[in-house]
Amino acid sequence: MSNQNLADVKALKGKKMFLLLVLVFVLPFTIALTLHLLDIRPSGKSFGNLITPVVALEIPALDDAKGIRFPGEQWSKIWSIVMVAEAGCNEACEQNVDKLNRVQRSLNKEKDRVQRILVLKKGFDVKQINQLQEKFPQLIVLIAKDAEQQQYVQTFEQVAVQDSIYLVDPLNNLMMHYPKDVEPKELRHDIMRLLKNSWGG
């Protein structure tokens, strides 16, 4: 093959490579613009309500029903699904506790990256709480007693209606909330996606 032919072949390869690079960089923007103009939205939506901006929590130490201290640091480096109840855990509360238990179990090998926390605002029946924790192992029940702890609980109630389900990330940010009647599969969908894309927790 002559030098001229070799040069032509190299030039053609160079043009093809240039066009390929242009395509790689331009195609994503073209697709995004088309989706926007046609108002086509991907199906990967969240079922929860994103809190914007996220609320950075200053988590105090709280006691459990047995008076054992649960340090604020134990909220870190793990995802927390949180419920807040007035006093004790009524039938509706227990149904949600059961829902969260089933969601966590369905996470399979990822389940240890999540903890379930029920925070009680007022008085409680120790026997009832003990029975609840026997029925739903690994459920953490904490009591907000003093002014600092009560103020902490109010942080949750200021972003969503009463009886909501809250999600706190491993950096202690209150970042999503769900209505009490959220479907387990919807909650699981969001949590699995967060765990998949998260380096923390």
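The values are calculated or read from the model by the stated rules, or taken from the named source; none is laboratory data. Please read these numbers as outputs of a predicted model, since none were measured by experiment. FYI the Cβ positions are ideal-geometry reconstructions off the backbone, even for glycines, and counts take in every protein chain you see. Calculation scope for accessible area: heavy atoms of the full protein, side chains included, ligands and nucleic acids excluded. Shrake-Rupley method; radii C 1.70, N 1.55, O 1.52, S 1.80 Å.
Values computed for the structure shown
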read-out	value
Qualifying residues in the range 100-111 (those that are over 18 Å from Ser164 (Cα atoms) and of a type outside the set (Lys, Arg)) - the one least open to solvent (accessible area, probe 1.4 Å)	Leu107
Where a residue in the range 137-164 is within 23 Å of Val114 (Cβ to Cβ) and its partner, wherever it lies, is open to solvent by 80 Å² or more (accessible area, probe 1.4 Å) and assigned to a loop (DSSP other than H, G, I, E, B), with Cβ under 8 Å and at least six apart	Tyr152/Glu58; Asp163/Lys180; Ser164/Lys180
Those residues of the range 68-82 which are surrounded by fewer than 16 Cβ atoms within 10 Å (Cβ to Cβ) and touching a strand residue (DSSP E or B) at 6+ places or on another chain (Cβ under 7 Å), in sequence order	Arg69, Ile78
Leading residue by the ranking (nearest to the chain's Cα centre (by Cα)) among those in the range 149-162 that are open to solvent by 10 Å² or more (accessible area, probe 1.4 Å) and of a type in the set (Val, Ile, Thr)	Val159
Filter result for Leu132 (among the aliphatic types (A, V, I, L, M), at pLDDT 95 or above, farther than 19 Å from Leu57 by Cα and open to solvent by less than 20 Å² (accessible area, probe 1.4 Å))	no
Residue within the range 92-99 that is part of a helix (DSSP H, G or I), among the hydrophobic types (A, V, I, L, M, F, W, C) and surrounded by fewer than 19 Cβ atoms within 10 Å (Cβ to Cβ) present	yes
Flag for Ile165 being open to solvent by less than 90 Å² (accessible area, probe 1.4 Å), within 23 Å of the chain's Cα centre (by Cα) and not aromatic (Phe, Trp, Tyr)	yes
Some residue of the range 136-148 being open to solvent by less than 10 Å² (accessible area, probe 1.4 Å), touching a helix residue (DSSP H, G or I) at 6+ places or on another chain (Cβ under 7 Å) and assigned to a helix (DSSP H, G or I)	no
Leu171 open to solvent by less than 80 Å² (accessible area, probe 1.4 Å) and either outside any helix (DSSP H, G or I) or of a type in the set (A, V, I, L, M, F, W, C) (or both)	no
So Ala160, is it out of contact with any strand residue (DSSP E or B) (no Cβ under 9 Å at 6 or more places or on another chain), of a type in the set (A, V, I, L, M, F, W, C) and closer than 17 Å to Leu57 by Cβ	no
Answer from Val126, Val114 - the residue that is open to solvent by less than 50 Å² (accessible area, probe 1.4 Å) and either touching a residue at least 40 places away in the same chain (Cβ under 8 Å) or farther than 15 Å from Val82 by Cα (or both)	Val114
Residue identified as crowded, with 16+ Cβ neighbours inside 10 Å and modelled with pLDDT under 90 among Ala85, Ala65	Ala65
Evaluation of Asn49 against (1) open to solvent by 10 Å² or more (accessible area, probe 1.4 Å); (2) in contact with a helix residue (DSSP H, G or I) (Cβ under 9 Å, 6 or more places away or on another chain); (3) under 22 Å from Met176 (Cα atoms); (4) in contact (Cβ under 8 Å) with a residue 12 or more places away in the chain (one fails), failing number	(2)
